[in-house]
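First comes the structure, then the notes that go with it.
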Amino acid sequence: MQTQRIKCIVTALLLMVGFSLPLMAQESGIDELFQELAEADAATYSRIEQQIISEWSKSGSAAMDLLMRRGRDALDEGAPDAAVEHFSALVDHAPDFAEGYYGRASSYYLLGLIGPALDDIRQALILNPRHFEAMRGLALIMEELGRPADAMTLYEMVLAINPQSTEVNASKARLQLQLEGQAL
């Protein structure tokens with residue numbers, strides 16, 4: 001009886017470790033990509049940035065990946081209302097998947113629904129605090145809401161993660177000129 005119980009415990013531990021190792025390897029891999037991104041030069045940062053975004057897009061479920069792809073396709077086709085439906089289904093079925101919230105936030109933004117977009121960006125950043133795309137989107141919204149100092153803080157946060165980002169560097173420089181102009 002005692003031997004059987006020990007075998008069950010060992011089997012359960014082996015299963016737990018077996019399922020945890022791929023997740024730990026994935027986290028280790030993305031951490032390495034973030035390190036590479038921080039050290040990248042202007043010629044290589046874009047490739048590394050895309051690798052990170054690609055890793056974020058992996059839900060671990062073929063069905064969830066399909067919803068993700070359909071949402072992105074709808075956005076690409078200029079149908080944010082359809083994208084909201086796909087991303088909402090994704091969020092309903094995978095509430096811990098940050099990309100679902102980020103995709104839906106992008107869709108809401110395109111529909112002019114700033115409040116829901118902000119809620120979803122917040123959730124995406126709770127689930128993935130290094131989501132530089134969500135931070136950049138939030139910075140754009142802050143600018144539109146007349147909160148340039150908050151936008152500048154967000155741009156600086158993105159650049160701490162992704163220092164070579166051409167888009168963010170340009171946005172920061174533009175905003176810096178605007179803020180300096182206000183000080184005069």
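For the range 90-134, the square roots a ≥ b ≥ c of the C-alpha gyration tensor eigenvalues yield an a/c of 1.5 or more together with a/b not exceeding b/c, which makes the shape oblate.
The charge dipole of the range 100-149, taken about its Cα centre with unit charges on the Cβ of Lys, Arg, Asp and Glu (plus for the first two, minus for the last two), comes to roughly 120 debye. Look at where the Cα atoms of the range 110-184 and of the range 47-74 average out, and the two centres are 22 Å apart.
Here, each number is a calculation from the coordinates, and none is a lab measurement. Keep in mind it's a predicted model, so treat the numbers as computed, not measured. Reconstructed Cβ throughout: ideal geometry from the backbone, glycine too, with neighbour counts over all protein chains shown.
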